[in-house]
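Notes for the one structure printed next.
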There are 2 protein chains.
Amino acid sequence: MYYQPEIETITRSELEKLQVKRLKETINIAIQTPFYSKILKEKNLSADSICSIEDVRKLPFTTKEDLRNNYPFGLVATDMKNVVRLHSSSGTTGNPTVICHSQKDLDNWANRVARCLYMVGVRDTDVFQNTSGYGMFTGGLGFQYGAERLGALTVPAAAGNSLRQIKFITDFGTTTAHAIPSYATRLAEVMTEIGIDPKKDTKLKTLVIGAEPHTDEQRKRIEELLGVKAYNSFGMSEMSGPGVAFECIYQNGLHLWEDCFILEIVDPETLEPVEDGEIGELVLTTLDRDAMPLIRYRTRDLTRIIPGPCPCGRTHRRIDRIKGRSDDMFIVKGVNIFPMQIEKILMQFKELGTNYLITIDTVGNNDEVLVEVELSDLFTDDYSKLQQLTKSITHKLKDEILLTPKVKLVDKGSLPLSEGKAIRVKDLRNNK
Amino acid sequence: MYYQPEIETITRSELEKLQVKRLKETINIAIQTPFYSKILKEKNLSADSICSIEDVRKLPFTTKEDLRNNYPFGLVATDMKNVVRLHSSSGTTGNPTVICHSQKDLDNWANRVARCLYMVGVRDTDVFQNTSGYGMFTGGLGFQYGAERLGALTVPAAAGNSLRQIKFITDFGTTTAHAIPSYATRLAEVMTEIGIDPKKDTKLKTLVIGAEPHTDEQRKRIEELLGVKAYNSFGMSEMSGPGVAFECIYQNGLHLWEDCFILEIVDPETLEPVEDGEIGELVLTTLDRDAMPLIRYRTRDLTRIIPGPCPCGRTHRRIDRIKGRSDDMFIVKGVNIFPMQIEKILMQFKELGTNYLITIDTVGNNDEVLVEVELSDLFTDDYSKLQQLTKSITHKLKDEILLTPKVKLVDKGSLPLSEGKAIRVKDLRNNK
């Protein structure tokens, strides 16, 4: 039932002892870098400053900007000859962020991913197909190494080419696949187009979905379309990649591996901890990274801790699905809006498909929000029914986002398709 | 100097003893499959039939067709739960060929690749950038695991996006890169275009080139363009991938790791062994594969054994660069022609670039060969000189391929560019 029972069901007090020990080790490693050496010494902090896990709050935050300013290797805490891999972001908006790994870092990472997959029932008898891009994208090598570690038969399909993906699924008896949510939906659509019933003609039973924000409604739809259980995966390249937090079979939040990370949720304005259950920014400290430890890294991801124990018996706390990022948020007429809020409403309508696009534009002197959404196959083209549906969606959206968007129902297949991360928001305003 | 001295400089007699021992083990594993069980029993063969290495000739051949007919898992000799990865060809001309690997197979493979890289001077202080596609293409994960095993800092750039590749090379201090030859040339061109001098502005010193047939002239040009040593790599997915044979620093043939493979060169018609030094088809038997051993696999690659010892001290025999494949060969007016023969001639002309295209078409009742080749940057546009050059190329080509092609010099950049494998031959004949 557990991949590493002694770690996964460790008592909270033992876990905290382990965290304190590892945090001290991490500080001793990090302090080898000029960056951490400087900011820790300025505050007169060292490993000795840590007596309890709460003491982590004494430590300074690390941000994406810090990574960029120290590009490429300024935060590496070991001799470069111990570094065996780096992953770099594309750096479209400045210097890329680069994360360096020692052999031990890669081992620990593979172990975390194996632990996640085992948690949702993947075993050495399973066939695991990875539809992630490989190379720099950590969803590729991250899941590859983790699934191999577990002993599953890995199918490194890589991204794109849906017909080939489906041939692999049917021919190799794929039981588990990793896909971003929009691509999982796409695969289901292509299967239907070519006359393959995912429930009868494939052995798919488990899907790992992540890397793209999505709602529980979207997850349920994927589960129905493909006849699978779909589990939410959380990771980010700064925290190595996938394997940071993962749902268990109860699908009620993602266990964050607290032997590897210190978990904090802070108010993004005040940077003070929020109450358990309150939404805030996820802040993570690595506890088992040699080459490039990060202390109190501000992930910019918004989530909350789900209070209380989980029936699965794991003692590592759960975070809620990601509620959005500061970066995703757009402000219209002074209102903060997350694409997730809109998606959540759209998914409640069985008449709608899964593809939608939000466009914000200046019309006259006003900012307007246009929500285009595809109809599902099944829905009528009766004009009055369409009008009524539009009205009903608009009403519900207004309740959620507190302003009235323009809603446009479009034919299935008329919005741009994505084989990569879906583009959900276009901001065309000149005053943004 | 050697990654595994005891194996790389093993005496021939010790090596043959090891081969016999491993061949027996391999037969005992292979016979677990219905395919090998049937064809070995038909000939009354078993591990006991092998007393010396010459006895390998008693064994039946395995062909690509056999792999296809037993698609996908018919040649797997172990419980599928021991299989941790498969690599599949794209299968554009029939069932794909699928190769399955156990954890031990992947370990052995990574070790072979590490051995190759170490042989040409790559160490744990080097930065190794892999421009291969990842996923199913074995040049991706094959070099990734091998270079990590060696302890180099791997940069899993994956294929394409030349500007980003060059940014990685300069920013991360890449010293060694793996690229197919046409892409190495392309990278050099783009560097020049954006004002980067590969010799001054990068730390590149070693290039690993393979996966695409090329001449020694093309290699020398790559070495001059990038200011590197370029080493020829031979591998194929049926033999796991890269790491089968590799040049040492003497660049006089590729040491084939005979502790892992039995090397035969046979006449493709009679299937009898050819004399040492004679060109024939390379036939390989795996000696350290658990999940899917292959016995006397006909690679379709044409090469020869380079006789005599190598000054590097390694005792594993050397094969010559691949001379072409039966599949690449085209027949015009009864003459067998390999694209390599044409490339070899073109590369002798400093006035020419590296990009060329061979088109065979029916004109009237005749098959004609058109060779289009790009001029280099430096060359004049003086018409009489161009005419003279065309004549000279035509003459040399006729000497080599025994018929007179039509030669057309074209401007640099006018032939299709490739970021993947270059397409060198177009056969448009209706009677082919």
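The values are calculated or read from the model by the stated rules, or taken from the named source; none is laboratory data. Everything numeric in this text was worked out from a predicted model, so none of it was measured. Note that each Cβ is placed from the backbone with ideal geometry, even for glycine, and that neighbours are counted across all protein chains shown.
Rundown of residues vs (1) within 8 Å of another protein chain (Cβ to nearest Cβ); (2) over 24 Å from residue A:200 (Cα atoms); (3) assigned to a loop (DSSP other than H, G, I, E, B); (4) out of contact with any Lys or Arg (no Cβ under 9 Å at 6 or more places or on another chain), yes/no style:
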site	(1), (2), (3), (4)
A:74	no, yes, yes, yes
A:85	yes, yes, no, yes
A:94	no, yes, yes, no
A:105	no, yes, no, no
A:114	no, yes, no, no
A:157	yes, no, yes, no
A:169	no, no, no, no
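I'm trying to understand the selection: among the residues of segment A:267-288, which are part of a loop (DSSP other than H, G, I, E, B) and either of a type in the set (A, V, I, L, M) or over 18 Å from residue A:53 (Cα atoms) (or both)?
Passing the criteria: A:267, A:268, A:269, A:270, A:271, A:274, A:277, A:278, A:279, A:287.
Among the residues of this structure, residue B:241 counts as one that is within 14 Å of another protein chain (Cβ to nearest Cβ) and surrounded by 23 or more Cβ atoms within 10 Å (Cβ to Cβ).
For segment B:144-155, taking the residues that are out of contact with any helix residue (DSSP H, G or I) (no Cβ under 6 Å at 6 or more places or on another chain) and under 15 Å from residue A:140 (Cβ atoms), the one that is nearest to the other protein chains (Cβ to nearest Cβ) is identified as B:148.
The requirement of being within 18 Å of residue A:292 (Cβ to Cβ), more than 8 Å from chain B (Cβ to nearest Cβ) and crowded, with 20+ Cβ neighbours inside 10 Å is fulfilled somewhere in segment A:126-138, by at least one residue. Within segment A:56-76, one or more residues are under 21 Å from the mean Cα position of the chain (by Cα), under 24 Å from residue B:173 (Cα atoms) and in contact (Cβ under 8 Å) with a residue 24 or more places away in the chain. Scanning segment A:82-137 for residues that are among the basic types (Lys, Arg) and within 18 Å of residue A:261 (Cβ to Cβ) gives A:104, A:112, A:115. The lone criterion from (1) away from chain B (no Cβ under 14 Å); (2) assigned to a loop (DSSP other than H, G, I, E, B); (3) at negative phi; (4) under 21 Å from the mean Cα position of the chain (by Cα) left unmet by residue A:121 is number (3). Counting only residues that are charged (D, E, K, R) and closer than 19 Å to residue A:15 by Cβ, segment A:34-60 holds 3 of them. Residue A:209 fulfils the conditions (1) touching a Leu at 6+ places or on another chain (Cβ under 7 Å); (2) under 18 Å from residue A:128 (Cβ atoms); (3) hydrophobic (A, V, I, L, M, F, W, C) except for a single criterion, (1).
Annotation note: of A:340, A:347, the sole residue that is more than 25 Å from residue A:50 (Cα to Cα), outside the structural domain of residue A:204 (by TED's automatic domain parsing) and touching a helix residue (DSSP H, G or I) at 6+ places or on another chain (Cβ under 6 Å) is A:347.
Select, from A:205, A:199, A:167, the only residue that is more than 30 Å from residue B:103 (Cβ to Cβ) and at pLDDT 95 or above. Of A:205, A:199, A:167, the one residue that is more than 30 Å from residue B:103 (Cβ to Cβ) and at pLDDT 95 or above is A:199. Within segment A:79-94, the set of residues being more than 21 Å from residue B:145 (Cβ to Cβ) and either aromatic (Phe, Trp, Tyr) or surrounded by 17 or more Cβ atoms within 10 Å (Cβ to Cβ) (or both) comprises A:89 only.
Within segment A:98-121, the set of residues being small (Gly, Ala, Ser) and surrounded by fewer than 21 Cβ atoms within 10 Å (Cβ to Cβ) comprises A:121 only.
Of all the residues in segment A:124-142, those that are of a type in the set (A, V, I, L, M, F, W, C) and either in a loop (DSSP other than H, G, I, E, B) or in contact with a Pro (Cβ under 6 Å, 6 or more places away or on another chain) (or both) number 2. When residue A:397 is tested against (1) out of contact with any His (no Cβ under 8 Å at 6 or more places or on another chain); (2) under 28 Å from residue A:160 (Cβ atoms); (3) in a helix (DSSP H, G or I), only condition (2) is not met.
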